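Asks: Below are the structure tokens for one structure; questions will follow.
The values are calculated or read from the model by the stated rules, or taken from the named source; none is laboratory data. Please read all numbers here as calculations on a predicted model, not as lab measurements. Please note: Cβ atoms are built from the backbone with ideal geometry, for glycine as well, and neighbour counts cover all protein chains shown. All accessible areas refer to the heavy atoms of the entire protein, side chains included, with ligands and DNA or RNA removed. Shrake-Rupley method; radii C 1.70, N 1.55, O 1.52, S 1.80 Å.
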Amino acid sequence: MSNLNALPPESCGSLARRRCRACSSGEPPFDVVAAERWAQLLPQWRLSDQARRLERQWTAPDFAAAVAAIVAIAMRAEQADHHPDIHLERYRRLRVELTTHAIGGLSENDFILAAQIEELLAGDQQNRSTQ
């Protein structure tokens with residue numbers, strides 16, 4: 001799963017259709033070059049902590065929308081058995097941080113879940129614009 005030679009898919013959409021897989025603590029995390037290559041698929045996300053974390057921030061329209069986004073992200077993460085750190089600040093600003101704790105850095109799973117979160121956010125924005 002964390003094969004450092006693994007190439008990312010060609011689009012965020014195809015990445016979002018992948019499934020997270022269990023990893024073992026003996027696997028190496030992505031190095032900086034691999035993390036940067038995969039991060040190109042997710043322009044709203046940024047690498048942090050020397051490319052050991054992937055994070056995104058955004059501001060929801062209101063508190064209820066922020067909490068709804070947290071619930072949607074949490075449900076998707078639970079399905080993937082890959083659990084991000086989710087922060088709510090100033091009642092509507094969200095920050096999500098992804099890392100694969102078992103290996104101490106980034107794996108394909110982090111990028112898969114980030115792409116799936118992007119789809120959740122895009123669907124939420126689309127739903128608000130049609131109401």
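Asks: How many Å² of accessible area per residue for the chain, probe 1.4 Å?
Replies: I get 56 Å² per residue for the chain.
Asks: Loop-only GluC sites (Glu not before Pro) in the range 17-119, please: DSSP not H, G, I, E or B, and at most 16 other Cβ atoms within 10 Å.
Replies: Counting only loop positions with at most 16 other Cβ atoms within 10 Å, none of the GluC sites (Glu not before Pro) in the range 17-119 qualifies.
Asks: Continuing with this model, one more query. Give me, ordered by chain and number, the residues 5 or more places off Gly105 or on other chains with an amide H under 5 Å from its own placed amide H.
Replies: When sequence neighbours closer than 5 places are left aside, the close amide H contacts are Thr100.
Asks: For the chain, modelled as a Gaussian network with Cα springs under 10 Å, which listed residue fluctuates most, Gly13, Gly104, Gly26?
Replies: The residue that fluctuates most here is Gly26.
Asks: Quick one: Cα convex hull volume of the chain, Å³ per residue?
Replies: Roughly 98 Å³ of hull volume per residue.
Asks: At most 13 other C-beta atoms within 10 Å and a DSSP loop state: those are the exposed trypsin sites (Lys or Arg not before Pro) I care about. Give me the longest piece of the chain that has none.
Replies: With a cap of 13 other Cβ atoms within 10 Å, the longest stretch comes to 20-89.
Asks: Here's another thing I want to ask about it. Could you check how much of the accessible area of the chain is carbon and sulfur, as a whole percent, using a 1.4 Å probe?
Replies: Of the solvent-accessible surface of the chain, carbon and sulfur hold 48 percent.
Asks: Turning to a different aspect of this structure: The range 36-131: which chymotrypsin sites (Phe, Trp or Tyr not before Pro) are DSSP loop and have at most 16 other beta-carbon atoms within 10 angstrom?
Replies: Sparse-neighbourhood loop chymotrypsin sites (Phe, Trp or Tyr not before Pro): Tyr91.
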